[in-house]
Amino acid sequence: MGRAVAAQFSLSGNFERYIVIPRGREKIKMRRILLACLALLSLSAPARAGGTAGDFDYYVLSLSWSPNWCAHEGEAKGDPQCAAGAGYGWVLHGLWPQYDYGWPDYCPTEFAGPTAPEVGAMIDIMGSASSVRHQWRKHGVCSGLAPSDFFALSRAALLKVAQPPLLEALRSSVTLPAHLIEDAFLAVNPELAPDGITITCKAGAIQEARICLTRDMILRACGEDVVRDCDSQSAIFHPKGESTLGQ
């Protein structure tokens, strides 16, 4: 999410790196031009208004590659998702209500939060209780569903998408072109089109696979603000079972 916002920082860095800024008044003039360009970019960022529960267009199913998340930040936090022997590969980051452009979050809701048993029942696919609760507070409330129904739908969405067994079978860390992850998902999901999935990276590593679904759980094309394919040719991909947390 927030593709345009990310572009601001990327373009800002490129300007400062490749443009020779003149001195004096010309320097001030160039800086004003730069700031104006960044301001225009910020106007194209997806709106993040609170939104109305149940009022959205489709869902984004976000799958996080747990070994990479754990290596980047989860182990340092002592997250149980990263415990030795946890064995997580692709975990359900979340099922996110989405507008055709932009998304709602933290919507007012008539429903109470999920019970402890409801939270516990989702840990097998979401990694930790804290992740389950956070996803409900930020995204689940915008679905218009009760927690039990939203979690049931989330599980159904996860089952809708086959996970590439080749990626699960890796035994050592590799670097690879990010598009190979998308290719692997397309190979085992014949009904999934290239414009219905996007692969993201973070800190030089594969971060997530995001797949777009209608409200009826049918694969569909993603909105332009969701498509943010990582173009890295050497993205890190850690194998399952590499965590040392708790050993």
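The single residue among 181, 197, 206 that is of a type outside the set (Ser, Thr, Tyr) and farther than 14 Å from residue 65 by Cα turns out to be 197. From the list 122, 126, the one residue that fits, being touching a His at 6+ places or on another chain (Cβ under 9 Å) and either free of Cβ contacts under 8 Å to residues at least 40 places away in the same chain or farther than 19 Å from residue 90 by Cα (or both), is 126.
Summed over the range 161-175, residues that are under 20 Å from residue 231 (Cα atoms) and surrounded by fewer than 17 Cβ atoms within 10 Å (Cβ to Cβ) total 3.
Being hydrophobic (A, V, I, L, M, F, W, C), closer than 23 Å to residue 241 by Cα and in the same structural domain as residue 210 (by TED's automatic domain parsing) narrows it down to one residue among 145, 158, 153, 95; which is it? So the residue among 145, 158, 153, 95 that is hydrophobic (A, V, I, L, M, F, W, C), closer than 23 Å to residue 241 by Cα and in the same structural domain as residue 210 (by TED's automatic domain parsing) is 158. Just so you know, in the range 98-118 the residues that are closer than 28 Å to residue 82 by Cβ and in contact with a Ser or Thr (Cβ under 9 Å, 6 or more places away or on another chain) include one that is surrounded by the most Cβ atoms within 10 Å (Cβ to Cβ), and it is 114.
Here is a yes/no grid of residues against (1) over 21 Å from residue 165 (Cα atoms); (2) not charged (D, E, K, R):
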{"residue": "58", "(1), (2)": "yes, yes"}
{"residue": "92", "(1), (2)": "no, yes"}
{"residue": "104", "(1), (2)": "yes, yes"}
{"residue": "133", "(1), (2)": "yes, no"}
{"residue": "136", "(1), (2)": "yes, yes"}
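Here is a list: 198, 214. Which entry is at pLDDT 95 or above, over 30 Å from residue 112 (Cβ atoms) and polar (S, T, N, Q)? None of the other options fit; the residue is 198.
Considering the conditions (1) touching a residue at least 24 places away in the same chain (Cβ under 8 Å); (2) of a type outside the set (Lys, Arg); (3) farther than 23 Å from residue 72 by Cβ, residue 159 is excluded by exactly one of them, (1).
The values are calculated or read from the model by the stated rules, or taken from the named source; none is laboratory data. Keep in mind that what you see is a predicted model, and the values were worked out from it rather than measured. Here Cβ is always computed from backbone atoms with ideal geometry, including for glycine, and neighbour counts include all displayed protein chains.
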